[in-house]
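Inspection log for the structure reproduced underneath, given as structure tokens.
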Amino acid sequence: MPWLLLIGQGRATVPRADLQAGSAQPMDRVRIAVVGAGVMGLSTTVCISKLVPRCSITVISDKFTPETTSDVAAGMLIPPTYPEQLDGHEGVSLKHSHCHHFSFCSALLFSTIIDTPLHKQKQWFKETFDHLFAIANSTEAEDAGVLLVSGWQIFRSIPAEEVPFWADVVLGFRKMTKDELKKFPQHVFGQAFTTLKCEGPVYLPWLEKRVKGSRGLILTRRIEDLWELHPSFDIVVNCSGLGSRQLAGDAKIFPVRGQVLKVQAPWLKHFIRDGSGLTYIYPGISNVTLGGTRQKGDWNLSPDAEISKDILSRCCVLEPSLRGACDIREKVGLRPSRSGVRLEKELLVRDGRRLPVVHHYGHGSGGITTHWGTALEAARLVSECAQALRTPAPKSKL
Amino acid sequence: MMVCLQPPFLQAGTMRVVVIGAGVIGLSTALCIHERYRPVLQSLDVKVYADRFTPLTSTDVAAGLWQPYISDPSHPQEALWNQQTFNYLLSHINSPNAANMGLALVSGYNLFREAVPDPYWKDIVLGFRKLTPRELDNFPDYSYGWFNTSLILEGRRYLQWLTERLTERGVKFFLRKVESFEEVARGGADVIINCTGVWAGVLQPDPLLQPGRGQIIKVDAPWMKHFIITHDPERGIYKSPYIIPGIQAVTLGGIFQLGNWSETNNIQDHNTIWEGCCRLEPTLKDAEIVGEWTGFRPARPQVRLEREQLHFGSSNTEVIHNYGHGGYGLTIHWGCALEVAKLFGKVLEERSLLKMPPSHL
């Protein structure tokens, strides 16, 4: 294991705070391991480096950009409307469901965030939006892969919620006019607004630069068990997305497979999203993302040609000029879906050893949309862990 | 495109139309006339004479944003022609050919230093609204503005498209420098459509027509999805920085010099444009420059769109003038083409070539 070798080769041994009564010495440099190098791992690392003094951070992952889930996502800042429709199912109102077990039904028919309160979702979205908005207007915008895009979210029937909770976070939100809706003859209602796009393949390298700039280390390694990180690290931040099924033993996280096409259609300047979230057109810096699918429980990372045809066909209905699109590339990502983001501390204990862990995963289809807000919160939790480790108390509570 | 260097034989009984000028005005007028009258007049023969074809016309330099001037036009008909053009283009936006035409929807910002009245075209464009305070935070030099969705019609691509449509219809193109209406009339033209733009004064002096010299820089900045047009009422239209994304490149501009015939790029103008646009949009500072061009807007207090009869020898030659569209040629072109087609219809009636104008006019 690389870091053990480093330690053996003369790296200063850092006195560990002894959690037994009486012998404690306060910890000087806290050693933090962040597992996962997608948007969560990298942004959390940046947040920790700003918040936690005297720490060293090492990002450890088996996959890096451009091979993470974050690289496949289009990165449009449009919070999902829950419950989210999954492939092959009509949206069924829970009132009409014949199931008696709510969570069973929701797992079957919807991807539902029931565990995260709305005010939290809004807070995280706003923090992410404000953070990226500042980048979009700075000279860093191109290097960070962040841009402003305007467009339309359109509905085939009037939605229950005409003004969503995030309407005042995006810019210029309003209902579409009748003339605007003429472009979409199958749709009867729409919302027009300006939001941000944050592109994984550019944003992640930009974050990696920031990590290295604050003297963070980046290591390639597949972690099979969080205990591998003990005792080399004092705190583990688990940003492993779907990997938490194994690493955290979390059976509540499951993939929702998304297939997308990345095409060349540079004349498209607006996003178009069907309210169901299943069909969308997201113009980006160097290509346009066409989507998509929501296939629950499907782990298959290989693109399916029939699905690609179907995506292109659905998008051409919304934007006929796409028939002229070329250089079509297929991509697949597995959304790390869960009934709520897991953002909490956990103290792992085994054979008298203790390993504080901060979990930060399970964002489903709202990852890039909320990443900065949840990363700030994860960093706060890490800060609490670090403080606890530094406090020479007889019985530290974590 | 067929470019012939000699006029063809005269044929008895034909209605021979010569369009002078192959910018957006000449080509769209030729197409409009041919579409409307060829079905009812088999003897209609349309030719285009020009000394400049795409990519060397003024149209090729234009950024291509559909947007009239913000003040009311001196000639109220121009407002109607602008609207007709917008609706015509919008009707093509859902065609698979839209990108081929150089046509796309684009949204963006018009910025001012103080509150101004809404423009007369606010209900022509889509989704017109005022800017919110948060949006204005992005533009610290400006305190008021509009947001709306409009259209891009890229000059070069559109001219290529028009040329293809005309070629399909058998309209022929001739590379030649016309020195006088007389020479064209004596060559056999029955009707001359004068779409010579800023050079119309060569064929017939027009003190109202002047070059409105513009210079633009094209950059590679594909993250820019919105147009941003600033206004400085004291300095005048197009003298304030503007940024207009096209299909492949983004146009930066902000130069309008009345009476300047210099066709070469000017370094001071380059700096004015670059500094103004980078100040407006700091993300541009690292954008790669892909080209720089100078063009002349055919500036005139209003468009000259009218008939004139000229007499050369024993025959009468009809001239229909269609020039002087300033910085809004692409914006107004189709409405003007329709109007010329209407006037042409009257000419046909007068010459008993047509009992009544086609009902779809």
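Provide the convex hull volume over Cα atoms per residue for the stretch B:15-351, in Å³.
133
If the convex hull of the alpha-carbon atoms of the protein assembly as shown is projected onto planes in all directions, what is the mean projected area in square nanometres?
Working: hull surface 156.8 nm².
Seen from a random direction, the Cα hull of the protein assembly as shown projects 39.2 nm² on average.
Determine which aspartates and glutamates satisfy two conditions relative to A:Lys309: a Cα distance under 13 Å, and not lying fewer than 8 residues away in the same chain.
Straight-line reach from A:Lys309, under 13 Å: A:Glu330.
What shape does the stretch A:108-223 have by the C-alpha gyration tensor, where a ≥ b ≥ c are the square roots of the eigenvalues, rounded means a/c under 1.5, and otherwise prolate means a/b greater than b/c and oblate the rest? Mind dumping the intermediate values first?
Values: a/c = 2.39, a/b = 1.71, b/c = 1.39.
Cα axes put the stretch A:108-223 in the prolate bin.
With a/c under 1.5 counting as rounded, go ahead and sort the stretch B:70-122 into rounded, prolate or oblate using the C-alpha gyration tensor (a ≥ b ≥ c being the square roots of the eigenvalues; past the cut-off, prolate if a/b is larger than b/c, else oblate). Could the numbers behind the result be given before it?
Details: a/c = 3.64, a/b = 1.56, b/c = 2.34.
Because a/c hits 1.5 or more and a/b fails to exceed b/c, the stretch B:70-122 counts as oblate.
Give the long-range amide H neighbours of B:Val290: residues separated by 5 or more places, or on another chain, with amide H under 5 Å away, using H modelled in the peptide plane at 1.01 Å from N.
Hits under the 5 Å cutoff: B:Lys218, B:Val219, B:Asp220.
Taking DSSP loops as anything outside H, G, I, E and B, show the longest stretch in chain B free of chymotrypsin sites (Phe, Trp or Tyr not before Pro) there with at most 15 other beta carbons within 10 Å. Before the final figure, lay out each step's value.
Details: sites that count: B:Phe9, B:Trp261.
That gives B:10-260 as the longest site-free run.
Return an integer: the convex hull volume of the alpha-carbon atoms of the stretch A:187-259, in Å³ per residue. The partial results should precede the final answer.
Values: hull volume 14.4 nm³, N = 73.
Hull volume normalised by residue count: 198 Å³.
Please determine, in degrees from 0 to 90 and to the nearest 10, the orientation of helix B:155-168 with respect to the longest principal axis defined by the Cα atoms of chain B, where the helix direction is its Cα long axis.
20
Provide, in order from the shortest bin, the percent of all Cα-Cα pairs of the stretch B:152-246 in each 10 Å bin, continuing until the bin that contains the maximum pair distance.
Computed distribution, short to long bins: 11, 27, 31, 22, 9, 0.
Out of the stretch A:154-204, which trypsin sites (Lys or Arg not before Pro) are coil in DSSP terms and have no more than 11 other C-beta atoms within 10 Å?
Passing sites in the stretch A:154-204 do not exist.
Assuming a ≥ b ≥ c are the square roots of the Cα gyration tensor eigenvalues, decide whether the stretch B:246-306 counts as rounded (a/c under 1.5), prolate (otherwise, with a/b larger than b/c) or oblate. Mind showing how you got there, number by number?
Working: a/c = 2.26, a/b = 1.86, b/c = 1.21.
Taking the square roots of the gyration eigenvalues as a ≥ b ≥ c, the stretch B:246-306 is prolate.
Can you give the accessible area of A:Val52, probe radius 1.4 Å, in Å² rounded to 10?
Approximately 10 Å² of A:Val52 is accessible to the 1.4 Å probe.
Roughly how much accessible area, to the nearest 100 Å², goes out of reach of solvent when B and A pair up, both sides summed, probe 1.4 Å?
Numbers: alone 16320 and 18470 Å², together 31870 Å².
Counting protein atoms only, the buried area is about 2900 Å².
Of A:Lys183/A:Lys252; A:Lys182/B:Lys47; A:Lys296/B:Lys225; A:Lys197/B:Lys130, which ones are farther than 30 Å apart at the Cα? Walk me through the numbers on the way to the answer.
Values: A:Lys183/A:Lys252 41 Å; A:Lys182/B:Lys47 38 Å; A:Lys296/B:Lys225 34 Å; A:Lys197/B:Lys130 23 Å.
The pairs that break the limit, which is 30 Å between Cα atoms, are A:Lys183/A:Lys252; A:Lys182/B:Lys47; A:Lys296/B:Lys225.
Which trypsin sites (Lys or Arg not before Pro) in the stretch A:318-398 pass both tests, a DSSP loop state and at most 12 other beta-carbon atoms within 10 Å?
Answer in residue order: A:Lys395, A:Lys397.
Out of the stretch A:168-229, which GluC sites (Glu not before Pro) are coil in DSSP terms and have no more than 11 other C-beta atoms within 10 Å? Walk me through the numbers before you get to the answer.
On the way: sites: A:Glu180, A:Glu199, A:Glu208, A:Glu224, A:Glu228; in loops: A:Glu199, A:Glu224.
Answer by residue number: A:Glu224.
Sequence-distant or interchain residues sharing an amide H contact under 5 Å with A:Ile60, placed H: which?
For A:Ile60, whose amide H was placed from the backbone, the distant partners under 5 Å are A:Val34, A:Val35, A:Gly36, A:Leu219.
Would you compute, from DSSP H runs of 4+ residues alone, the mean residue ellipticity of the protein assembly as shown at 222 nm, taking -39500 (n - 2.57) per run and dividing by the full residue count, rounded to the nearest 500?
Rounded to the nearest 500, the figure is -8500 deg cm²/dmol.
Please find the FRET efficiency linking A:Lys178 to B:Leu136, where r is the Cβ-Cβ separation and R0 is fixed at 35 Å, and quote it to the nearest 0.05. Mind dumping the intermediate values first?
Values: r = 28 Å, r/R0 = 0.79.
Here the calculated transfer efficiency is 0.80.
Just name one of A:Ser61, B:Leu330, B:Cys278: the one whose Cα is farthest towards the positive end of the charge dipole of the protein assembly as shown (beta-carbon charges, Lys/Arg +1, Asp/Glu -1).
The residue sitting most towards the positive pole is A:Ser61.
How much accessible surface area, in Å² rounded to 10, belongs to the heavy atoms of A:Cys316 with a 1.4 Å probe?
20
In whole Hz, what ³J(HN,Hα) sequence does the stretch A:51-66 give by Karplus (6.51, -1.76, 1.60; θ = phi - 60°), x for Gly and Pro?
Computed from phi, the couplings for the stretch A:51-66 are 9, 9, x, 6, 10, 10, 10, 10, 8, 10, 7, 8, 10, 10, 4, x Hz.
Between helix B:329-350 and chain B, what is the angle of the helix's C-alpha long axis to the longest principal axis, kept within 0 to 90° and rounded to the nearest 10?
Orientation of helix B:329-350: about 20 degrees from the principal axis.
What does the structure give for A:139-151 when I average, per residue, the other chain Cβ atoms found within 10 Å of the residue Cβ?
Values: counts 6, 2, 8, 9, 2, 1, 1, 2, 7, 7, 4, 9, 4.
That works out to 5 on average.
Using r as the Cβ-Cβ distance of A:Asp310 and B:Asn94, and R0 as 25 Å, what FRET efficiency do you calculate, to the nearest 0.05?
Details: r = 20 Å, r/R0 = 0.82.
Efficiency at R0 = 25 Å is approximately 0.75.
Kindly report the accessible area of the stretch B:15-351 per residue (heavy atoms of protein chains, probe 1.4 Å, no ligands, DNA or RNA), in Å².
Details: 12560 Å² over 337 residues.
Solvent-accessible surface per residue comes out at 37 Å².
With θ set to phi - 60°, apply the Karplus curve 6.51 cos²θ - 1.76 cosθ + 1.60 along the stretch A:310-325 and write out the HN-Hα couplings as whole Hz, x wherever there is a Gly or Pro.
With coefficients 6.51, -1.76 and 1.60, one gets 5, 4, 4, 5, 5, 6, 5, 5, 6, 9, x, 5, 5, 4, x, 5 Hz.
The values are calculated or read from the model by the stated rules, or taken from the named source; none is laboratory data. Just so we're clear, the structure is a prediction, and the values are computed from it rather than from any experiment. Positions of Cβ are backbone-derived with ideal geometry, glycine not excepted, and every protein chain shown enters the neighbour counts. Accessible surface areas use protein heavy atoms only, side chains included; no ligands, DNA or RNA. Shrake-Rupley method; radii C 1.70, N 1.55, O 1.52, S 1.80 Å.
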